[in-house]
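Take a look at the structure below.
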Amino acid sequence: MTKGEVFGTAFYDRDPREVAVDLLGCVLVHETPQGVTSGAIVETEAYLCVDDPACHAYKGLTMRNRTLFGRPGLAYVYLAYGAHRLLNAVCEEEGKGSAVLIRALSPSEGQDLMRERRGKKDLCTGPGKLTQALGVDLGLDGHDLTHQPLIIRGGDPPEGEIVSTTRIGISRGTELPYRYLLLGDPNVSVPPRSIAGRGLRRGQKVA
């Protein structure tokens, strides 16, 4: 992963757990007429196409989740609880239905614009907050993340320890340790109550 390089389709065509770890420290960028906003990814969550009741693909293809079954590297953006837009990167081959949820960012470019959009000092400490701060709306569902205006590019290796924890904010599959974060980072949505795996590294294969 070269710093500054926009990831191509092949980056996402893998197990979402590997992609979720490799995205930590990378940079999500959104260019809009109002300006550019970006932030380093500090928290992700993987959703698998099989044996994962929390994944939207679990019950099959619908009009709502059709982007999830698209080719790797698409943005899957949906409305949660009728209020929050959540951004996911589709993983694996077309038809599989797996993805990585971007859960939190450390803000970098365009923080004044982020504050204007949020109306709060708390900018990107959650999946619904970061989409609001970056101006990511439902119109970007199906957008190819390998092209502007919404892309993910390589960033510096994380300075903090990468750990895995059980997932939060869902009612099913909560026992699965597929949330990944930089331990101690102030932008993480919720500090982990317990840690399932420690010392993870980008570039590792799933056992």
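The values are calculated or read from the model by the stated rules, or taken from the named source; none is laboratory data. Because the structure is predicted, anything quoted here is derived from the model rather than measured. Here the Cβ is made from the backbone with ideal geometry for all residues, glycine too, and neighbour counts use every protein chain on show.
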Seminar exercise, completed: For region 26-60 the number of residues that are of a type in the set (A, V, I, L, M, F, W, C) and free of Cβ contacts under 8 Å to residues at least 60 places away in the same chain is 3
For this session: All but one of (1) in a strand (DSSP E or B); (2) exposed (fewer than 15 other Cβ atoms within 10 Å of the Cβ) hold for Lys120, so report the exception by its number.
Result: (1)
Problem set entry | Sole exception among (1) crowded, with 17+ Cβ neighbours inside 10 Å; (2) in contact with a His (Cβ under 8 Å, 6 or more places away or on another chain) for Tyr78, by number | (1)
For this session: Please go through region 87-107 and pick out each residue that is surrounded by fewer than 24 Cβ atoms within 10 Å (Cβ to Cβ) and farther than 16 Å from Leu23 by Cα.
Result: Glu93, Glu94, Gly95, Lys96
For this session: Look at Leu24 and say whether it is modelled with pLDDT of 95 or more, assigned to a strand (DSSP E or B) and within 14 Å of the chain's Cα centre (by Cα).
Result: no
Exercise. Which one is modelled with the highest pLDDT, of the residues in region 80-107 that are among the basic types (Lys, Arg) and more than 9 Å from the chain's Cα centre (by Cα)?
Worked result: Arg85
Exercise. Within region 82-102, can you find the residues that are in contact (Cβ under 8 Å) with a residue 60 or more places away in the chain and in contact with a strand residue (DSSP E or B) (Cβ under 8 Å, 6 or more places away or on another chain)?
Worked result: Ala89, Val90, Cys91, Glu92, Ser98, Ala99, Val100, Ile102
Problem set entry | Filter result for Ser194 (surrounded by fewer than 19 Cβ atoms within 10 Å (Cβ to Cβ), modelled with pLDDT of 95 or more, among the polar types (S, T, N, Q) and in contact with a Ser or Thr (Cβ under 8 Å, 6 or more places away or on another chain)) | no
Problem set entry | Selected residue (only one of Phe11, Phe7 is at pLDDT 95 or above and either crowded, with 22+ Cβ neighbours inside 10 Å or polar (S, T, N, Q) (or both)) | Phe11
Exercise. Tell me, which residue of region 144-167 that is within 14 Å of the chain's Cα centre (by Cα) and in a loop (DSSP other than H, G, I, E, B) is modelled with the lowest pLDDT?
Worked result: Arg167
Problem set entry | Output for region 31-56, where each listed residue is in a strand (DSSP E or B), of a type outside the set (Ser, Thr, Tyr) and either crowded, with 22+ Cβ neighbours inside 10 Å or under 15 Å from the mean Cα position of the chain (by Cα) (or both) | Gly39, Ala40, Ile41, Val42, Glu43, Glu45, Ala46
Problem set entry | Hits in region 61-81 (condition: of a type outside the set (Phe, Trp, Tyr), out of contact with any helix residue (DSSP H, G or I) (no Cβ under 9 Å at 6 or more places or on another chain) and either without any contact (Cβ under 8 Å) to a residue 40 or more places away in the chain or assigned to a strand (DSSP E or B) (or both)) | Thr62, Met63, Arg64, Asn65, Arg66, Leu68
Seminar exercise, completed: Counting only residues in region 82-93 that are in a strand (DSSP E or B) and not charged (D, E, K, R), the one farthest from Phe11 (Cα to Cα) is identified as His84
Exercise. From Arg179, Arg202, which residue is surrounded by 12 or more Cβ atoms within 10 Å (Cβ to Cβ), closer than 14 Å to Arg103 by Cβ and of a type outside the set (Asp, Glu)?
Worked result: Arg179
